[in-house]
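**Q** Have a look at this one.
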């Protein structure tokens with residue numbers, strides 16, 4: 001990175017500091033108008049977004065419109081409609097001071113200031129713009145760094161931001177490690193990072209040096225438990241949708257299946273049939289692209305290490321970055337595919353007869369971002385949730401919770417910290433200031 005770029009980033013940061021100090025973002029009307037403007041510009045670039053997502057990640061038009069654009073637009077509508085109510089001071093119970101004077105208590109929500117948002121590659125529009133909605137709703141300014149691994153999408157993101165906002169309010173910095181390192185050295189008032197745990201540690205360390213509050217949205221190996229009484233028709237469709245959307249590159253995708261031994265063979269056969277029906281010729285190239293050739297090699301390494309355990313799929317094309325929907329059976333925790341988050345279209349199967357053993361195994365490992373349980377017995381499902389910890393969880397479904405704006409979304413432990421979406425985004429990007437008035 002040259003001196004000119006360094007100076008540009010530094011000047012940009014200082015201009016946002018000055019803009020925030022002008023207090024223009026304090027106005028609720030200002031915030032709502034900016035969010036409405038954002039929605040309009042975002043919607044106008046639907047075609048460009050979809051084209052870029054296809055180029056970088058091979059996403060279908062249908063998937064791109066729903067998972068990347070509609071979810072953000074829906075959240076914008078929800079937040080615009082409720083912002084005024086959320087921003088009102090919260091009156092707390094009135095008590096009497098020991099002096100006999102009345103005390104009035106309230107909580108006011110104040111913006112932090114200048115926010116740094118680091119976007120990921122897997123859902124580069126949704127997971128960059130959804131945090132931005134929260135930051136602006138709370139009255140902050142924002143500097144965004146999109147993922148360098150999806151360059152065409154990053155270019156469209158910058159175009160949208162430049163059309164919707166002035167640079168001293170919201171701006172985009174393109175780049176990779178050098179640019180991120182420089183940005184992390186600045187005195188931001190809040191940091192919001194979505195990405196891998198390894199990079200999350202770097203971000204958290206930089207924030208700790210300056211005591212900057214932050215949110216980390218990371219990942220992990222999200223387990224899926226399929227009990228012997230599960231409705232297999234629903235289970236197959238919902239696991240397949242959650243696992244193979246975006247070619248498996250979803251932070252809350254089912255990472256592996258723990259299935260009751262008595263129904264394992266039938267579940268795998270039904271999944272194979274579902275895949276054959278969904279991709280009648282071949283799934284290669286029809287479920288999207290892996291983000292990089294290096295990641296294709298990483299995924300291929302899991303199969304090479306246990307080729308005899310591949311029972312469906314397994315083909316890939318390094319040049320085009322396509323990777324087939326793949327199922328592995330007879331997997332154990334010693335296999336390479338179980339050593340870290342897969343982040344690809346490979347679905348390993350483990351079996352159980354005793355749920356206690358399964359839960360002990362899950363609980364002995366880092367806390368996942370999501371946990372899924374399929375069972376027609378509500379008591380069984382409740383017991384699984386009561387005896388495990390994860391960022392979030394679903395019963396008889398996968399992935400849906402991410403798009404539900406009235407639920408908080410986020411990790412716990414190594415899968416992240418902090419929650420957002422809807423009202424929870426407003427709270428995340430606001431400082432809750434207690435105010436006491438003595439009469």
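Quick note: the coordinates plus some simple rules give every number you see, no bench work behind them. As the structure is a prediction and not an experimental result, all values here were calculated from the model. Note: ideal-geometry Cβ built from the backbone for every residue, glycine included; neighbour counts use all protein chains shown.
**Q** Any idea what angle helix 3-21 forms with the longest principal axis of the chain, computed on alpha-carbon atoms, 0 to 90 degrees, nearest 10?
**A** 60
**Q** Sorting check: for 181-192, 125-136, which peptide has the highest mean count of neighbouring beta carbons within 10 Å, and how do the rest follow?
**A** 125-136, 181-192
**Q** Tell me what the chain gives for mean residue ellipticity at 222 nm when only DSSP H runs of n ≥ 4 count, each as -39,500 (n - 2.57), the sum divided by the residue total, rounded to 500 deg cm²/dmol.
**A** So the helix-based figure for the chain works out to -12500 deg cm²/dmol.
**Q** Answer rounded, prolate or oblate for region 86-199, using the Cα gyration tensor with square roots of eigenvalues a ≥ b ≥ c: rounded when a/c is under 1.5, else prolate when a/b is larger than b/c, else oblate.
**A** In terms of gyration-tensor shape, prolate.
**Q** How large, in Å, is region 291-353 by the Kirkwood hydrodynamic radius built from its alpha-carbon pairs?
**A** Working: mean 1/r = 0.0844 Å⁻¹.
Taking every pair of different Cα atoms in region 291-353, averaging 1/r and inverting gives 11.9 Å.
**Q** With the Cα gyration tensor of region 175-321 giving a ≥ b ≥ c as the square roots of its eigenvalues, does the rule (a/c under 1.5 for rounded; else a/b larger than b/c for prolate; else oblate) give rounded, prolate or oblate?
**A** It comes out prolate by the Cα gyration axes.
**Q** Still on this structure, please answer the following. Taking only the C-alpha atoms, wrap a convex hull around region 311-439 and report its volume per residue in Å³ as a whole number. Each step should come with its number before you reach the end.
**A** On the way: hull volume 24.8 nm³, N = 129.
Spelled out: Cα convex hull of region 311-439, divided by residues, is 192 Å³.
**Q** Okay, next question. Could you work out the Kirkwood radius for the chain, taking every pair of different alpha carbons, averaging 1/r and inverting it, reported in Å?
**A** Its Kirkwood hydrodynamic radius stands at 23.1 Å.
**Q** Which length gain, in nm to one decimal place, applies between residue 292 and residue 361 when the Cα-Cα distance is subtracted from 0.36 nm times their residue separation? All intermediate terms of the calculation are to be shown ahead of the outcome.
**A** Values: separation 69, 0.36 × 69 = 24.84 nm, distance 3.18 nm.
Using 0.36 nm per residue and subtracting the Cα-Cα distance, I get 21.7 nm.
**Q** Turning to a different aspect of this structure: Whole Å is fine, so just give me how far the alpha carbon centre of region 238-310 lies from that of region 164-199.
**A** 33
**Q** Please give, to one decimal in nm, the separation of the simple spin-label points placed at residue 46 and residue 22, each 7 Å out from Cα toward the Cβ.
**A** Roughly 3.3 nm, to one decimal.
**Q** Label region 1-74 by shape, choosing from rounded, prolate and oblate, from the square roots a ≥ b ≥ c of the eigenvalues of the Cα gyration tensor; if a/c is under 1.5 it is rounded, and otherwise prolate applies when a/b is larger than b/c, oblate when it is not.
**A** Taking the square roots of the gyration eigenvalues as a ≥ b ≥ c, region 1-74 is oblate.
**Q** With just the Cα atoms defining each centre, how far is region 208-226 from region 361-415? Give it in Å.
**A** 15
**Q** Let me ask something else about it. Quick one: give the max-minus-min coordinate of the C-alpha atoms of region 223-403 along each principal axis, largest first, in Å.
**A** Principal-axis extents of the Cα atoms in region 223-403, largest first: 48, 35, 32 Å.
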